[in-house]
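In what follows, a structure is listed as structure tokens, so that the remarks can point back to it.
The values are calculated or read from the model by the stated rules, or taken from the named source; none is laboratory data. Values in this document were obtained by computation on a predicted structure and should not be read as measured data. Positions of Cβ are backbone-derived with ideal geometry, glycine not excepted, and every protein chain shown enters the neighbour counts.
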Amino acid sequence: MTDDSATVIATYSRRMRVKLADGHEVEARIKGKRLQPVCGDRVFAEPIANEGDWLITEIAPRDNELTRPDTRGRAEVLAANLDCLIVVAAAQPTPDWYIIDRYLCAAELIGAAAIVVFNKADIETDETASSVELDNYLRIGYDALRCSAVDGTGIDEIAALLRGRCAIVVGQSGVGKSSIINRLIDDAQQRVATISDKTLEGRHTTVNSVMIPLPHGGSVIDSPGVRDYAPALQSSGEAANGFREIAEAAQQCRFANCRHLREPGCHVKSCVDSGSISERRYASYKRIVNLTEQLSDGRY
Ligand code: GDP
Ligand code: ZN
């Protein structure tokens, strides 16, 4: 017997929890050293004779992967097959919209959808600044909404957007990512998830990442590595593709290789001047281009 549509739902270094096609969950080891499954991976697995464990023998091709550079500068895969990034900002700590744009850029480049969520609406005293940004995200085609993990505002809306999708929650520390995840999971399920995590954590090392099923469908991958994730770009040229309104305007630039900085006939720049592209988004774009160029100069 083999199961060719199993999904990795939790990882503990080289041990995995796998959900089989029939919904059954088993623990699994990995065949060989070369295979490196991550949460969200679809895998081929087979039971090991006379053992409770299963063996992961192969990883199915990934739709996409979330990566970050490891300490040696190589790409480390954090999660695979994501439909959606939930990018969280909040009334407190003071929102850093540049970080939000970095996450949105990453989502765009891996072909995942993104939802901008502005949490702690219950303590927001002045909505003017966040409204400008949320309205702009809506205008360029993202789902964007206010929520509160404390009073429940917007939580049903997020749950509805996640139905049938596998998502991860990203954003600065303290914005309320864990609180939102807890709010999305109903109490019964939350208890089960906590208990099974504890059992496994006691037996193996620490949990690296876990996929939590949501009561109204869909799932959320939670992982410490993912929480402080910052996207790495291969080249500055990629950055424009991560900003959908810039990528669209770029089609009308005079030069095909326009970087939208100081080139003549740059349509992106004229859209910024006329206000149809937000100055602030354009500033994020330039910052990402500069950062990527510094990194590719080998200065990190
Ligand atoms: P994380 O670091 O992004 O996972 O953030 P946490 O979920 O740990 O939340 C950080 C702090 O913000 C905690 O003290 C939470 O109680 C608080 N918090 C989270 N969501 C809300 C919210 O919607 N409103 C308010 N007022 N506080 C919140
Ligand atoms: Zn241009």
Would you check which residues across the range 245-259 are in a helix (DSSP H, G or I), in contact (Cβ under 8 Å) with a residue 24 or more places away in the chain and near ligand 2 (Cβ under 10 Å from one of its atoms) and list them? ILE246, ALA249
Write out, first by first residue and then by second, each pair whose Cβ atoms fall under 7 Å of each other, whose residues are 6+ apart or on separate chains, and whose first residue, in the range 266-282, is farther than 22 Å from SER130 by Cα and part of a helix (DSSP H, G or I) while the second is modelled with pLDDT of 95 or more and not hydrophobic (A, V, I, L, M, F, W, C). HIS267/GLN252; VAL268/HIS260; LYS269/HIS260
Neighbours by Cβ (under 6 Å, 6+ apart or cross-chain): first from the range 140-161, touching a residue at least 24 places away in the same chain (Cβ under 8 Å); second charged (D, E, K, R) and away from ligand 1 (no atom under 12 Å from the Cβ): ILE140/ARG244; ILE140/GLU245; LEU145/GLU157; LEU161/ASP143
What about ASP228, is it of a type in the set (Asp, Glu) and modelled with pLDDT under 95? yes
Go over the candidates TRP54, TRP97 one by one and state the one that is surrounded by 15 or more Cβ atoms within 10 Å (Cβ to Cβ) and over 23 Å from the mean Cα position of the chain (by Cα). TRP54
Extreme residue, nearest to GLY154 (Cα to Cα), among residues of the range 114-132 that are among the hydrophobic types (A, V, I, L, M, F, W, C) and surrounded by fewer than 17 Cβ atoms within 10 Å (Cβ to Cβ): ILE123
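Need at least 2 residues that are more than 14 Å from ligand 1 (Cβ to nearest atom) and polar (S, T, N, Q) per element, so show me which helices (runs of 4 or more DSSP H) inside the range 77-183 make the cut, counting only ones lying wholly within it. Spell out the reasoning first.
Values: elements: 97-110, 128-139, 155-162.
The qualifying helices (runs of 4 or more DSSP H) are 128-139.
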